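The values are calculated or read from the model by the stated rules, or taken from the named source; none is laboratory data. None of these values were measured; they are calculated from a predicted model. Ideal geometry is used to build each Cβ from the backbone, glycine not excepted, and the neighbour counts take in all protein chains shown. Just so you know, the surface numbers come from the protein's heavy atoms only, side chains and all, with ligands and any DNA or RNA stripped out. Shrake-Rupley method; radii C 1.70, N 1.55, O 1.52, S 1.80 Å.
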Amino acid sequence: MALTLSNGTTVSISNGVDAAKTITATTNANPGVSTSTAHGFNDGDYVVVNSGWVRLSERVVRVDNAATDTFELEGIDTSNTSIYPAGGGAGSAKKVVGWTQLTQILSSSSTGGEQQFWEGQFLEGDRQIRIPTTKSAAGISFTIADDPTLPGYVLAKQANDDRLPRAVMLTLANGAKLLYNAYISLSTIPSLNVNEPMQVEVTLSLLADPSRYAS
């Protein structure tokens, strides 16, 4: 049995991304290997991938085994050609530039991501059947103490205003990392409750599944 406590987790928002580097192909392998001429990425860099493969597109992925014209998508298994059709992995990658911590987080919650189903019954049947379809849109909300001078608040406000997606990294106390790509919204009207700090809410509207790394 393995249990992980969220205590000590830090949340960081990316400052931005570099110009896109073209990906001409990605292999069906575990992990997938992308071809990108003179991409300039180094091992440990994080990139936001845009891909012809919908399951890969908009994910934040860590670079591994970088060479002059290729790099591995660490932790991304693209070997299933039913999900990742051969020849369909072209696209682009943008390197994530810098991180700013979102501090003074008081609480967090997640919404959405629930499995949806088709339910029905054949005329000749005596019971219904259920087939998984899609999953609902997902998001994460952080309630933070209201302080508009803090760098994380300032960056969240910028992301709220420019409506550009940002990479978001959660680093657990044990060093594990979760990477999201999301639109960020900030409610600038603080709550006013007796004997409680003024609070505002930062909301992440997720664009893709997270990527997870053990360290």
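Of all residues in segment 7-32, how many are assigned to a strand (DSSP E or B), over 28 Å from THR143 (Cβ atoms) and open to solvent by less than 60 Å² (accessible area, probe 1.4 Å)?
At the first step, the residues of segment 7-32 found to be assigned to a strand (DSSP E or B) are 10-17, 21-23, 25-26.
Those left that are additionally over 28 Å from THR143 (Cβ atoms): 21-23, 25-26.
Narrowing further to those that are open to solvent by less than 60 Å² (accessible area, probe 1.4 Å): 23, 25-26.
Count: 3.
From the list VAL96, VAL63, pick out the single residue that is part of a strand (DSSP E or B), within 27 Å of SER185 (Cα to Cα) and either in contact with a helix residue (DSSP H, G or I) (Cβ under 9 Å, 6 or more places away or on another chain) or at pLDDT 95 or above (or both).
Details: VAL63 fails: within 27 Å of SER185 (Cα to Cα).
VAL96 is the lone residue from the list that is part of a strand (DSSP E or B), within 27 Å of SER185 (Cα to Cα) and either in contact with a helix residue (DSSP H, G or I) (Cβ under 9 Å, 6 or more places away or on another chain) or at pLDDT 95 or above (or both).
Has segment 83-92 got any residue that is within 27 Å of ARG166 (Cβ to Cβ), open to solvent by 40 Å² or more (accessible area, probe 1.4 Å), part of a strand (DSSP E or B) and not hydrophobic (A, V, I, L, M, F, W, C)?
no
Name the residue, out of LEU192, LEU150, that is of a type in the set (A, V, I, L, M) and within 24 Å of the chain's Cα centre (by Cα). I'd like the intermediate steps shown before the answer.
Working: LEU192 fails: within 24 Å of the chain's Cα centre (by Cα).
Matching residue, one of LEU192, LEU150: LEU150.
Yes/no per residue for (1) buried (at least 18 other Cβ atoms within 10 Å of the Cβ); (2) modelled with pLDDT under 95; (3) part of a strand (DSSP E or B):
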site: LEU5; (1), (2), (3): no, yes, no
site: SER34; (1), (2), (3): yes, no, yes
site: GLY40; (1), (2), (3): no, no, no
site: PHE71; (1), (2), (3): yes, no, yes
site: ILE76; (1), (2), (3): yes, no, no
site: SER109; (1), (2), (3): no, no, yes
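With the requirement that a residue be out of contact with any strand residue (DSSP E or B) (no Cβ under 7 Å at 6 or more places or on another chain) and either in contact (Cβ under 8 Å) with a residue 12 or more places away in the chain or surrounded by 18 or more Cβ atoms within 10 Å (Cβ to Cβ) (or both), what does segment 43-57 give you? Show your work before the answer.
Quick first cut of segment 43-57, residues out of contact with any strand residue (DSSP E or B) (no Cβ under 7 Å at 6 or more places or on another chain) only: 53-55.
Those that are out of contact with any strand residue (DSSP E or B) (no Cβ under 7 Å at 6 or more places or on another chain) and either in contact (Cβ under 8 Å) with a residue 12 or more places away in the chain or surrounded by 18 or more Cβ atoms within 10 Å (Cβ to Cβ) (or both): TRP53, ARG55.
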